[in-house]
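Enquirer: The structure is given below, and queries will be raised subsequently.
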Amino acid sequence: MDCKKIGAFLARERKAARLTQAEAAKKLFVSEKTISKWENGRGLPDTGVLVNLCSLYDFSLNELLSGERLEGENYRKRAERNMEELLSQRRSNRRKIALSAAVCGAAFSVLLVCVALSAFLPLDPRLKIALLVYGFAMAVLGVGVAVFADINAGSFVCRRCGKKFVPSAKEYVFSIHTLTARKLRCPFCGAKDWCKKSLQNGDE
Ligand SMILES: [Zn+2]
């Protein structure tokens, strides 16, 4: 998805419809800042506003995602490619997140087994220590792999400026978080705020 091209297209279509950014914002129930964000290629409209956007400027969803007016054979081809791009990005990001959870779970199971074995089996103390060290090493490795896979799946959305970004591993590990959001510093506007996970990759 080419955000810059889509943005330029949106600006062109808005002017063709003889609307100012403020007027368009009002009709779409979004802020003027959001309109300008889209038009500058700093993010795509949310799914919820897509239908209204298409009817306001009178183009199809396919044309919006292509960033140009389309016709005939060209239209059908672009439609397929746009859908494929959208779906495959989400699919691969979902897979990465599932993998990350599985690896993390497996690593902690190994740790648990090691701790249990060393606690309940009459083993040589040196062997117990070796077991524990092994268990912890596996857990650390598992968390490392899980963090790597999760960071690389999609991106985080800054609440202040709306840009998408991928945090550094260190920042990711040491940030407080809920299931779907994380408190991160936005590299664009510098705000430290709760950022929602997005399955779409960054804006680049
Ligand atoms: Zn920001």
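Enquirer: Would you be so kind as to identify which of Pro187, Leu117, Leu44 lies farthest towards the positive end of the dipole of the chain, taking Lys and Arg as +1 and Asp and Glu as -1 on Cβ and the Cα centre as origin?
Expert: Sorting the options by dipole projection puts first Pro187.
Enquirer: If the cut-off is a Cα-Cα distance under 27 Å, which lysines reach Lys77, setting aside same-chain residues fewer than 8 apart in sequence?
Expert: Filter leaves Lys4, Lys5.
Enquirer: Kindly state, to the nearest 0.05, the FRET efficiency for Ala116 paired with Val173, given R0 = 22 Å and r defined as their beta-carbon distance.
Expert: Here the calculated transfer efficiency is 0.25.
Enquirer: Which of the helices in the chain meet the span-like rule: DSSP H, Cα axial reach of 27 Å or more, Kyte-Doolittle mean at least -1.0?
Expert: In the chain, the long hydrophobic H runs are 72-120, 125-151.
Enquirer: Can you give the local net charge around Met83? Use residues other than it whose beta-carbon is closer than 13 angstrom to its beta-carbon, Lys and Arg +1, Asp and Glu -1.
Expert: The answer is +3.
Enquirer: Where does each of 57-68, 146-157 land if you order them by average Cβ count within 10 Å, highest first?
Expert: The most tightly packed comes first, giving 146-157, 57-68.
Enquirer: Next up: What is the spin-label model distance, in nm, from Asn40 to Leu199 if the labels are put 7 Å beyond Cα along the C-beta direction?
Expert: According to this spin-label approximation, the distance is 2.9 nm.
Enquirer: Summing Lys, Arg as +1 and Asp, Glu as -1, what charge do residues with Cβ under 9 Å from the Cβ of Arg185 carry, Arg185 excluded?
Expert: 0
Enquirer: Related question: Spit out the partnerless Cys residues in the chain, using Cβ distances under 4.7 Å as the pairing rule.
Expert: When partners are defined as cysteine Cβ atoms under 4.7 Å apart, the chain leaves Cys3, Cys54, Cys104, Cys114, Cys195 without one.
Enquirer: Sticking with this structure for a sec: State, to one decimal in nm, how far the label point of Ser88 lies from the label point of Val166, with both points 7 Å from Cα in the Cβ direction.
Expert: Distance between label points: 1.7 nm.
Enquirer: What is region 18-104 by shape, rounded, prolate or oblate, if you read a ≥ b ≥ c off the alpha carbon gyration tensor as root eigenvalues and call it rounded for a/c under 1.5, prolate for a/b larger than b/c, and oblate otherwise?
Expert: Oblate shape, in that a/c is at least 1.5 and b/c is the bigger or equal ratio.
Enquirer: Separate question: Can you compute the charge dipole magnitude of region 1-132 about its Cα centre, using +1 on each Lys and Arg Cβ and -1 on each Asp and Glu Cβ, nothing else charged? Give it in debye, rounded to the nearest 20.
Expert: Around 260 debye, computed over region 1-132.
Enquirer: At a 10 angstrom cut-off on C-beta neighbours, averaged per residue, how do the peptides 183-194, 32-43 rank from highest to lowest?
Expert: 32-43, 183-194
Enquirer: Moving on to the next point. Just report the Cα centroid separation between region 87-142 and region 2-27, whole Å.
Expert: Rounded to whole Å, the Cα centres lie 51 Å apart.
Enquirer: Determine the alpha carbon to alpha carbon distance for each of Lys15/Lys192; Lys26/Lys96; Lys33/Lys183 and list only those over 32 Å.
Expert: Exceeds cut-off: Lys15/Lys192; Lys26/Lys96.
Enquirer: What does the highest-first list of 46-52, 121-127, 161-167 look like by mean Cβ count within 10 Å?
Expert: Result, highest mean Cβ count within 10 Å first: 161-167, 46-52, 121-127.
Enquirer: On to the next question. For the chain, what value does the Rg/Rh ratio take when both radii are computed over Cα atoms and Rh is the Kirkwood radius, given to two decimals?
Expert: My calculation puts Rg/Rh at 1.17.
Enquirer: Here is a further query. By how many nm would the segment from Ile129 to Leu61 lengthen if fully extended, with 0.36 nm per residue of separation less the alpha-carbon distance?
Expert: Taking Ile129 through Leu61 to full extension adds about 18.4 nm, to one decimal.
Enquirer: Between Asn74 and Ala22, what's the calculated FRET efficiency when r is the beta-carbon distance and R0 is 35 Å? Round to 0.05.
Expert: For R0 = 35 Å, the calculated efficiency reads 0.55.
Bear in mind these aren't lab numbers, they're just calculated from the coordinates by the rules spelled out. Since the structure is predicted, the reported quantities are computational estimates derived from the model, not experimental observations. Ideal geometry is used to build each Cβ from the backbone, glycine not excepted, and the neighbour counts take in all protein chains shown.
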